[in-house]
1. Please determine, in degrees from 0 to 90 and to the nearest 10, the orientation of helix 52-69 with respect to the longest principal axis defined by the Cα atoms of the chain, where the helix direction is its Cα long axis.
2. With Rg and Dmax of the Cα atoms in Å as the read-out, I listed (1) 15.4, 52; (2) 16.6, 61; (3) 16.5, 67; which label goes with the value calculated from this structure?
3. With each label point set 7 Å from Cα along the Cα-Cβ vector, what nm distance links Ser6 and Asp48?
4. Go ahead and set up a Gaussian network model of the chain, Cα springs under 10 Å, then flag whichever of Ala92, Ala23, Ala44 fluctuates most.
5. Arranged by the count of other C-beta atoms within 10 angstrom, fewest first, what order do Phe47, Phe34 take?
6. Starting from the Cα of Ala27, step 7 Å along the direction of its Cβ; do the same at Gln68; then give the gap between the two resulting points in nm.
7. Evaluate the Kirkwood expression for the hydrodynamic radius of segment 12-72, namely the inverse of the mean inverse distance over all pairs of different C-alpha atoms, and round to one decimal in Å.
8. How much length is gained if the chain between Thr81 and Glu123 is pulled fully straight, taking 0.36 nm per residue apart and subtracting their Cα-Cα distance, in nm to one decimal?
Amino acid sequence: MDTSSSNKQVLQPAGWAQPRGYANGVAATGRTVFVAGQIGWNGACQFDSDDFIDQVRQTLLNIKAILQEAGATPAHMTRMTWYLLDKKEYQARGREVGQVYREVMGAEYGVAMAAVVVAGLMEDRAKVEIEVTAVLPVAVPV
């Protein structure tokens, strides 16, 4: 399955059920961008909300801004790891998470993802932390 980024190939073994909202694997070639774990605070390192979905939205906006600094878009993402404080809240609000993801990142689901429940995050008010790896195509000189 091809994505909008020509340097990226989603890996889907024949006969496997199609995953919902992520890819089982991704192969890519090019310049690698590593986005450190981002949390739901704004550019001034202040939380505007303690709501889980608001923090997911801000976290994704932060990731998108960092990707843009590298000349990347969500289509270049290859790996995403979510660190969550509350598994039950994540599951109960899954539709909202998906809606916010589509709103911020578009329909880019060709990303290998993992979600991990943790006992705590470094910032006490943070409810989610997400880190991303992206791969940009190598520019061809004109």
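1. Tilt of helix 52-69: around 40 degrees.
2. Recomputing Rg and Dmax of the Cα atoms in Å here gives the entry labelled (1).
3. Here the modelled spin labels are 3.7 nm apart.
4. Per the Cα network of the chain with a 10 Å cutoff, Ala44 tops the list.
5. On the way: Phe47 18, Phe34 11.
Placing the least packed residue first, the sequence is Phe34, Phe47.
6. Reported label-point gap for Ala27 and Gln68 is 3.3 nm.
7. Numbers: mean 1/r = 0.0708 Å⁻¹.
Evaluated on segment 12-72, it is 14.1 Å.
8. 13.4 nm
No value in this document is a laboratory result; all are computed from the given coordinates. Note that the coordinates shown come from a computational prediction; the quantities given were computed from them, not determined experimentally. Ideal geometry is used to build each Cβ from the backbone, glycine not excepted, and the neighbour counts take in all protein chains shown.
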